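Worksheet: the structure to be examined is printed underneath.
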Amino acid sequence: MTTTSNNNANSTPYEALDAWIDAHFDEEVRFLQELVRVPTDTPPGNNAPHAERAADLLKGFGFDAEKHAVPAPAVKAAGLETITNLVVRRKYGPGRTVAMNAHGDVVPPGDGWTHDPYGGEVVDGQLFGRAAAVSKCDFATFTFATRALEALGAPLKGGVELYFTYDEEFGGELGPGWLLQQGLVKPDLLIAAGFSYQVVTAHNGCLQMEVTVNGKMGHAAVPETGVDALQAATRILVALYDQNTQYKKVKSQVKGINHPYLNVGLIEGGTNTNVVPGKVVLKLDRRMIPEENPLDVEATLHQVIRNAVADCPGITVEIKRMLLANALKPLDGNQPLVDALSRHATSVFGEEIGAAGTPLYTDARLFGEAGVPAVLYGCGPRTVGESNAKRADEHIDLEDLRRATKVVARTLFDLLD
């Protein structure tokens with residue numbers, strides 16, 4: 001592999017990396033803008049076109065991206081349309097492989113935008129667009145950190161791999177999960193898309209369930225001819241929300257994570273105003289702290305739901321698991337990542353930046369389950385709310401992008417020098 005040195009006798013490797021990133025930062029911003037301009041709304045999940053565009057852009061940097069298309073039957077079974085995951089391999093010599101993973105799929109834009117959600121518009125030092133913060137920005141962070149490392153011209157050991165995947169919104173099983181299952185990747189260390197102001201070493205798990213409450217439709221004028229599924233569903237809702245009172249008594253020992261929580265995010269049912277509802281569907285999201293056992297959590301919720309309607313004649317309940325994402329727990333071997341990222345983030349940002357947990361769940365857990373020590377770090381705000389992630393006018397601060405790229409580049413140098 002040919003590299004070009006921009007180091008000189010009067011600069012340290014870190015200064016040379018920083019200088020290269022500063023000199024190429026406008027190019028990095030344009031790269032991110034091009035990625036934002038290709039929609040990846042999931043659902044519907046037609047994400048192969050974005051992978052093709054990303055691969056073309058990467059080729060312009062001399063990075064050959066392997067295109068791994070997930071078989072159509074598996075994609076369709078997951079409720080999506082197309083998935084092509086990208087893998088870039090940069091080998092420098094014998095030694096460990098440090099991988100970096102970001103996802104390109106994202107929730108639809110929704111209403112309320114004052115900027116084009118696919119425009120990549122830059123205003124007052126901020127770049128706007130759906131997936132600008134979660135997590136197309138880290139396509140840019142990781143790509144340009146790798147380019148800076150190679151431009152340094154220093155002898156390196158091991159290698160870097162970039163994984164750009166497209167299934168995080170639906171759990172990641174057809175993104176990183178599929179790459180790992182197929183034996184296409186197995187790095188020694190992993191950095192996943194994250195936040196500029198913390199090095200995340202643990203995160204919550206997530207259980208999502210669909211609860212269908214079946215009764216019998218009837219005319220509202222003669223309600224005794226029906227069995228009201230909505231009244232039964234109301235009892236279930238009361239029982240579920242009562243759990244949140246209990247969850248507040250359960251505290252995680254992981255810094256940055258508080259207690260479990262349950263949210264009912266969708267309710268559908270009934271056919272008309274004058275008809276006794278014969279069916280109601282609830283979809284719930286249960287966040288699990290790292291200390292909890294997911295199967296125990298699921299079994300308890302089944303019991304709570306069934307107990308709530310045990311004395312409701314004519315009511316039946318169907319419970320279906322939609323998603324079970326385990327928590328990310330720190331693995332032995334992640335310390336080199338934590339130490340390097342924390343040290344350089346503290347230096348570059350001028351404030352103490354250390355390890356913590358987050359209540360989110362991410363694809364990083366899939367690498368942890370495969371025995372790969374993983375942490376989250378990349379371009380992002382102090383809190384999800386600051387960036388409007390998954391809301392109107394999602395954006396990133398471009399200085400966070402610049403500085404996070406420097407932190408990752410320095411970290412790669414430490415790990416591979």
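The values are calculated or read from the model by the stated rules, or taken from the named source; none is laboratory data. If you're wondering where the values come from, they're calculated on a predicted model, not measured in any experiment. Cβ placement follows ideal geometry from the backbone for every residue including glycine, while neighbour counts extend to all protein chains displayed. Side chains included, ligands, DNA and RNA excluded: accessible areas come from the protein's heavy atoms. Shrake-Rupley method; radii C 1.70, N 1.55, O 1.52, S 1.80 Å.
Figures for the structure shown
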read-out	value
Only listed residue being touching a residue at least 12 places away in the same chain (Cβ under 8 Å) and in contact with a Cys (Cβ under 9 Å, 6 or more places away or on another chain), chosen from Asp414, Asp397	Asp397
Cβ pairs under 7 Å, 6+ apart, first in region 312-339 and on the phi > 0 side of the Ramachandran plot, second open to solvent by less than 20 Å² (accessible area, probe 1.4 Å) and part of a loop (DSSP other than H, G, I, E, B)	Gly333/Pro373
Per-region count, region 374-394, residues in a loop (DSSP other than H, G, I, E, B), open to solvent by 10 Å² or more (accessible area, probe 1.4 Å) and closer than 19 Å to Ile257 by Cβ	4
Listing of strands (runs of 3 or more DSSP E) fully contained in region 264-366 that carry 1 or more residues being within 30 Å of Glu224 (Cβ to Cβ) and open to solvent by 30 Å² or more (accessible area, probe 1.4 Å)	279-288, 316-325
Per-region count, region 85-111, residues among the charged types (D, E, K, R) and open to solvent by 60 Å² or more (accessible area, probe 1.4 Å)	4
Strands (runs of 3 or more DSSP E) contained entirely in region 134-220, each with at least 3 residues that are open to solvent by less than 10 Å² (accessible area, probe 1.4 Å) and farther than 19 Å from Leu328 by Cβ	159-165, 205-214
For Ala364: the one exception among (1) free of Cβ contacts under 8 Å to residues at least 24 places away in the same chain; (2) within 27 Å of Pro294 (Cα to Cα)	(1)
Condition met for Thr245 (of a type in the set (Ser, Thr, Tyr), within 30 Å of Thr362 (Cβ to Cβ) and in a strand (DSSP E or B))	no
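Residue-wise test of (1) touching a strand residue (DSSP E or B) at 6+ places or on another chain (Cβ under 8 Å); (2) crowded, with 21+ Cβ neighbours inside 10 Å; (3) free of Cβ contacts under 8 Å to residues at least 12 places away in the same chain; (4) more than 19 Å from Leu190 (Cβ to Cβ).
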residue	(1), (2), (3), (4)
Ala65	yes, yes, no, no
Val75	yes, yes, no, yes
Ala78	no, no, no, yes
Ile83	yes, yes, no, yes
